[in-house]
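Heads up, the thing below is written out as C-alpha cells.
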Amino acid sequence: MKNVRQSNINTHKDAWVEINLESLAQNIINIKKGIPKEKKFLGIVKADAYGHGSQMIAQTMLASGVDMFGVSSVDEGLDLRNVKIKAPILVVGAIPSWAVKSATRNDIAFSIFNNEHLKSCKEVYERTGIKPKVHVKIDTGMNRIGVRSENAVEYIKTVQKAEYLVLEGVFTHLAAAEEQEEAQKQINRWNNVIENIDTSNLLIHIQNTAATFAYNIKSNMVRVGISLYGLYPDLPPKVNYKPKLKQIMGLKGRITNIHEVKSGEGVSYAHTFVADKPTKVATIPIGYADGVSRSLSNKIYGMINGKKIKQIGNITMDQMMFDLGDAEARVGDVITLLDDLYLPLDNWAEILHTINYELTCRLKVRLPRVYVR
C-alpha cells in the first residue's frame, strides 16, 4: 500500500496531481552516479519546483544528495525558508534592489552583474551589518542577464575586493546545450574568464541538466533541473551518460458522470467529436483552467481499470470527456491522464510542439497535489 502525504491545500476536488517522492529520490541517485563526487549538486526548484511543489519535495531532495537549491526569485527562496529549509539557496535570476535586504536577512544568495547591484549590497550592509551573499552571473551568449564575458574578469575582480559582500560563486548559463558547436562557443568564453580570475573558495558552475550529462567543463558544481522530476531536456547526439529516470508527476480525476450518446450526436462545445455509434461517455472535472491545453482536445488518452480510453470533444474550462469503449467503469472510478509507464508527459509536449518544462508548470494552477511513496 502506498504511503500517501497530502499537501496542505483544498482537496475538495475529484482531480489531482500525484507526485511520487520515491521516484524523485531514485532519479537523484541515478543522476549523481555520473557526476564526480567532488562536485556540488544544485537542484533547481524554481516555478514551485516546475509545478511539483517545492516546499514538499525539498526535504526528499536534501535526503537524496542535493546540496543547494536554485530559485528564480527571493519570494521562492522565502517559501523554502518558511518551511525550515536551511540549505543554501541561490536566486539564479535577477532581483530588484529593494529585495536585497530581504534576501540578505534570510541567508539567500542572489545573482549580481552590474554596478547598481554592488550599490544595493553596500547599502544593505551599512544598514544591517550583514554581508549579502552573491554569485556573479556571466553572459557568455544567452543574452538574457549577466555581465558580458568580455567585461566579466574586471567586474569579478571588483566584486572580490568589495568588503561589504561575500562572493560565493561565479556562473553562466548555456543557451543551447543540445547543440555542441554552439555550446562550445560559450564554454570557450567561460574558460577565458575562469582562467583569469582567482577561483579559490568559489562555486564555479555552468552545467545545466543537459550539459551535466553531455560535457566535461571546468566547474565544481552542477545545476540540475527538469531531470530531477524524471524528464529529459533536449540533448546533443553524444552524451557522457544518460541516467535512467522516472516521471514523478501523475494526473488523475474521478468520473463524475457516465451516460450514452446516440450515433450522430456530438460531444462538448462545437461538436468536434460526433459519435458514429452508440458511445458510453465519462466526464471528469479537469479542464483547460487546470492547465490541460484545449489544443489537446481529441488527441490524448487516459487509462481506467487497465484499459486505454480516448478523450473526446473539446476540453472545456473545467471538464473533459472520454469514450469508455468496452471498459468497465462506474461514477467515482479514477481515470489516469499522466503516468510514468503508459501516459508520459512528453506525448503531450509533442502534440503541442512545446517542451515538457512548460507543461509541468501549467498543472499547478488549481489542481491539489498529493505526495506518495
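The values are calculated or read from the model by the stated rules, or taken from the named source; none is laboratory data. These numbers come from a predicted model, not from an experiment. Glycine also receives a Cβ, built like all others from the backbone with ideal geometry; neighbour counts cover every protein chain displayed. We work out accessible area using only protein heavy atoms, side chains counted, and drop any ligands, DNA or RNA first. Shrake-Rupley method; radii C 1.70, N 1.55, O 1.52, S 1.80 Å.
Being open to solvent by 80 Å² or more (accessible area, probe 1.4 Å) and part of a loop (DSSP other than H, G, I, E, B) is the filter here, so list the residues in the stretch 125-146 that pass it.
Matches in the stretch 125-146: Lys131, Asn143, Arg144.
Could you tell me which of the residues Thr199, Thr209 is touching a residue at least 24 places away in the same chain (Cβ under 8 Å) and crowded, with 19+ Cβ neighbours inside 10 Å?
On inspection, the qualifying residue turns out to be Thr209.
Could you tell me whether the stretch 292-301 includes any residue that is open to solvent by 40 Å² or more (accessible area, probe 1.4 Å), more than 26 Å from the chain's Cα centre (by Cα) and closer than 30 Å to Ser54 by Cα?
Scanning the stretch 292-301, I find no residue that is open to solvent by 40 Å² or more (accessible area, probe 1.4 Å), more than 26 Å from the chain's Cα centre (by Cα) and closer than 30 Å to Ser54 by Cα, so the answer is no.
Go through the stretch 302-319 and report how many residues are in a loop (DSSP other than H, G, I, E, B) and surrounded by 14 or more Cβ atoms within 10 Å (Cβ to Cβ).
6
Please go through the stretch 147-175 and give me each residue that is farther than 18 Å from Asn201 by Cβ, outside any helix (DSSP H, G or I) and open to solvent by less than 20 Å² (accessible area, probe 1.4 Å), ordered by number.
Of everything in the stretch 147-175, those that are farther than 18 Å from Asn201 by Cβ, outside any helix (DSSP H, G or I) and open to solvent by less than 20 Å² (accessible area, probe 1.4 Å) turn out to be Val147, Thr172, Leu174.
Residues checked against (1) at pLDDT below 95; (2) loosely packed, with under 15 Cβ neighbours inside 10 Å; (3) within 30 Å of Asn151 (Cα to Cα):
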| site | (1), (2), (3) |
| --- | --- |
| Asn27 | no, no, no |
| Ile31 | no, no, no |
| Ile44 | no, no, yes |
| Thr60 | no, no, no |
| Phe69 | no, no, yes |
| Ser72 | no, no, yes |
| Val83 | no, yes, no |
| Lys101 | no, no, yes |
| Ile108 | no, no, yes |
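Of the residues that make up the stretch 2-12, is at least one modelled with pLDDT of 95 or more and open to solvent by 60 Å² or more (accessible area, probe 1.4 Å)? Walk me through it before giving the result.
Taking the stretch 2-12 and keeping what is modelled with pLDDT of 95 or more, we get none.
Taking every residue of the stretch 2-12 in turn, none turns out to be modelled with pLDDT of 95 or more and open to solvent by 60 Å² or more (accessible area, probe 1.4 Å).
Being assigned to a helix (DSSP H, G or I), crowded, with 21+ Cβ neighbours inside 10 Å and of a type outside the set (Asp, Glu) is the requirement here; does Ala183 meet it? Show your work before the answer.
Numbers: assigned to a helix (DSSP H, G or I): yes; crowded, with 21+ Cβ neighbours inside 10 Å: yes; of a type outside the set (Asp, Glu): yes.
Against the criterion (assigned to a helix (DSSP H, G or I), crowded, with 21+ Cβ neighbours inside 10 Å and of a type outside the set (Asp, Glu)), Ala183 qualifies.
Let me spell it out: the conditions are (1) touching a residue at least 12 places away in the same chain (Cβ under 8 Å); (2) under 29 Å from Asn143 (Cα atoms), and Ile85 meets all of them except one. Which number is the exception?
Condition (2) is where Ile85 drops out.
Report every pair of residues separated by at least 6 positions or lying on different chains whose Cβ atoms are under 9 Å apart, first residue within the stretch 250-276 and free of Cβ contacts under 8 Å to residues at least 60 places away in the same chain and open to solvent by 60 Å² or more (accessible area, probe 1.4 Å), second charged (D, E, K, R) and in a strand (DSSP E or B).
If the second residue must be charged (D, E, K, R) and in a strand (DSSP E or B), the pairs left are His259/Lys280; Glu260/Lys280.
Farther than 15 Å from Ile145 by Cβ, out of contact with any Cys (no Cβ under 7 Å at 6 or more places or on another chain), among the basic types (Lys, Arg) and surrounded by fewer than 17 Cβ atoms within 10 Å (Cβ to Cβ), is that true of Lys119?
Numbers: farther than 15 Å from Ile145 by Cβ: yes; out of contact with any Cys (no Cβ under 7 Å at 6 or more places or on another chain): yes; among the basic types (Lys, Arg): yes; surrounded by fewer than 17 Cβ atoms within 10 Å (Cβ to Cβ): yes.
Yes, satisfied.
How many residues does the stretch 320-362 hold that are more than 20 Å from Leu235 (Cβ to Cβ), outside any helix (DSSP H, G or I) and not hydroxyl-bearing (Ser, Thr, Tyr)?
21
Could you check the stretch 128-151 and list, in sequence order, the residues that are among the basic types (Lys, Arg), farther than 21 Å from Ala183 by Cβ and out of contact with any Leu (no Cβ under 6 Å at 6 or more places or on another chain)?
Matches in the stretch 128-151: Lys133 only.
State which residue pairs qualify: first residue touching a residue at least 12 places away in the same chain (Cβ under 8 Å) and among the polar types (S, T, N, Q) and inside the stretch 299-310, second residue open to solvent by 70 Å² or more (accessible area, probe 1.4 Å) and not in a strand (DSSP E or B) in any location, beta carbons under 9 Å apart, and separation of 6 or more residues or different chains.
That search, which allows pairs on different chains as well, returns Asn305/Glu328.
May I ask you to list the residues in the stretch 78-99 that are among the β-branched types (Val, Ile, Thr) and over 11 Å from Lys133 (Cβ atoms)?
Hits for the stretch 78-99 are Val83, Ile85, Val92, Ile95.
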